[in-house]
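The values are calculated or read from the model by the stated rules, or taken from the named source; none is laboratory data. Please read all numbers here as calculations on a predicted model, not as lab measurements. All Cβ positions, even for glycine, are placed from backbone atoms using ideal geometry, and neighbour counts span all protein chains on display. To get the accessible areas, we keep the full protein, side chains included, count just its heavy atoms, and leave off ligands, DNA and RNA. Shrake-Rupley method; radii C 1.70, N 1.55, O 1.52, S 1.80 Å.
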Amino acid sequence: MKKASTLFRVLRGAYLGSLLLGVLLLLLGGLFQSFTPSSASASPLRQTGGNGFVYVAKFKLPITPISAQYYDRVISAAENDGANALVVELDTPGGLVDSMQAMVQRTLASTVPVLIYVSPPGAMSASAGVFIVYSGHVAAMAPNTSIGSSEVILNAGGDSSTGGTPESGDTAAERRKVTNLLVTQIRNLADQHNRNADFGEKAVRESANIGAQAALDQHVVDIVAASVPDLLKQADERVVHMAGGTDATLKTAGAEIKTLDLTFGEDLLLLITNPSVAFVLISLGTLGLTWEFINPGSVFPGVVGAIFLLTGFLALGTLPVNWAGAVFMLLAFVLFIADVFMPSHGILTAGGIVSLVIGGLMLVNTSQAPGLPGVSPFVVAGTATGLGGFFFYAIYKVVKSRNMRPTTGLENLVGSIGHTRTDLAPEGMVFVEGELWQAKTLDGSIPSGAPVRVLAANGLTLLVTPEDGNITRKM
C-alpha cells in the first residue's frame, strides 16, 4: 500500500539519521573521555649501548580486564624477547579489584624485573594503582607525581536508609572484610620488597596519599627519577627479589631503550570498553533490532543492530554494571516500540526518553571501581535526543497516515475531479486519476469534456456530479 511504503521510507530515513548521529556520539565518546588510551610515543626513546635492552610500556589507563591483558602482554614480551628489564610508566586513577589482583600476580610471577615508574610529572597512582606500585621489583616516581587514596568504596545499600551506624549492617561488614583482605595484601607486598607497610595500610583504610619526595623519604618507593634514562641509571646494579625466592641484579645502565605500544586490537578493545561508547553501542543495537521488529524483512538494520548490541554486551562484560540502569534502558525501548503501535501520541516516547537518561547515568557502577569514568552525561543527552527525535517523528508519521483517507481502491476516488469522455445521459465514460471509468449521473445529462466530481462508487461504476454546472436537464 502507498501509505505503508511512505511510512517505511520515512522510518528508514529517520533510522539512518539516528545511526549517523550514534556513530558520531560513539566517536566523540571515545575521543573526549579520559578513559581513551594513548599509544606510546611515536618517537621512542633510544639509549645505545652494548648491555642489552630494556622495554618501556606506557600504562595511562584505568585498571580493567582489557588493560590487565595489555599489562600481561608487555611482561610476556619482555620475558620472551630476553629484555634486561621492563619499565611500566604508570598513570592510573585505579579500577577494578579483580583486574588489579591479576596484574599484581603477573608482576610477582615475572621472570624479568618489572620497574613500576609513576610518570610523567603530574601523573598519579591512585586506588588500585597503589598495589601495582607495591608489587613492582623496583618502585619509582617522577617529580610532582602522587600515590595513595586506596580506600574501599562499596555501593551503599540499606545501611543509610535504615539508620544503621557505619560499623553495622551487611554493607559495613562487607567493607571491613574487603578492607582487611586488601590491607593484608598491601602489607605482604611491602614486606616482600622492603617498603613502608604502614603507609600502604593507611592508603587502604584512610585514603592517605603523598607526593614523590615524601614517598621516597618514607620508603614507599625506591627511586625518584626525572626520566626513564635517569631511572635506569639509578636502578643499575640494584638487587631485586624475583619469583621463587631468587635474587637478580639489574643491568640497566647503558641498555638500549625500546618502547612497547598498544596494538590496534588493544586500542579498539579499550575504545569499545569506554562506558560512553558501550552505552551508544547498546542504544544503536537496540534501535536496529527495533527497526527490524517494526519492519520485518529489512535485514540490514537488524544485522547491524545485532552486531552493535553484542559488541556493547562485550564491553559491559568488562565493566562494573549497575543492572538497575540496564533495566531502565530496556524499559525505554519497550516504551518506544509500544508508542509506535498504541494511540498514546508520544506520551510513551517521552517516558522512554526519561528512562533512557536514567539508565545511561546509572549503567556503570563507578563506586565499585574508583577512577573508572561513568557514561558521559553529554553522550546520554545526545543519544536520548537522537532516539527520542527518531521515535517522535515515527509516531508523527504514523498518526498522520492513520488520519489520511485511503490511497488505493475505489474509495480513494471519492472526491476526485475528473472529465467526461462521452456524454453522460445518464451513463457514459469519465477520466479520473489517469484511468477511464464507467460513470453515471443523477443530474440529467453532462456533455463530453465537462469536469465532474466523484460522489461515490457502486461496484465499478462511479456516481458523479457536474463540477461547474455543465448539465442538461431532461425535458
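Look at (1) surrounded by fewer than 19 Cβ atoms within 10 Å (Cβ to Cβ); (2) within 15 Å of Val354 (Cα to Cα); (3) under 16 Å from the mean Cα position of the chain (by Cα) and you find that Met329 fails only one, number (1).
Quick one: in the range 113-145, of everything that is assigned to a strand (DSSP E or B) and among the small types (Gly, Ala, Ser), which residue is farthest from Asn80 (Cα to Cα)? Result: Ala126. The set of residues in the range 356-374 being at pLDDT 70 or above and either in contact with a strand residue (DSSP E or B) (Cβ under 6 Å, 6 or more places away or on another chain) or of a type outside the set (Val, Ile, Thr) (or both) consists of Leu356, Gly359, Gly360, Leu361, Met362, Leu363, Asn365, Pro373, Gly374. Residues considered: Glu167, Glu237. Of these, the only one that is part of a loop (DSSP other than H, G, I, E, B) and modelled with pLDDT under 90 is Glu167. When Ala324, Ala381 are screened for being modelled with pLDDT of 80 or more, in a helix (DSSP H, G or I) and under 30 Å from Lys60 (Cβ atoms), only Ala381 passes.
When restricted to residues that are outside any helix (DSSP H, G or I), open to solvent by 10 Å² or more (accessible area, probe 1.4 Å) and over 14 Å from Ala57 (Cβ atoms), the range 80-112 contains 5. Going through (1) among the aliphatic types (A, V, I, L, M); (2) open to solvent by 10 Å² or more (accessible area, probe 1.4 Å); (3) assigned to a loop (DSSP other than H, G, I, E, B) one by one, Leu61 falls short only on (2).
Residues that are open to solvent by less than 70 Å² (accessible area, probe 1.4 Å), part of a strand (DSSP E or B) and within 9 Å of Gly449 (Cα to Cα) within the range 416-429 comprise just one, Thr420.
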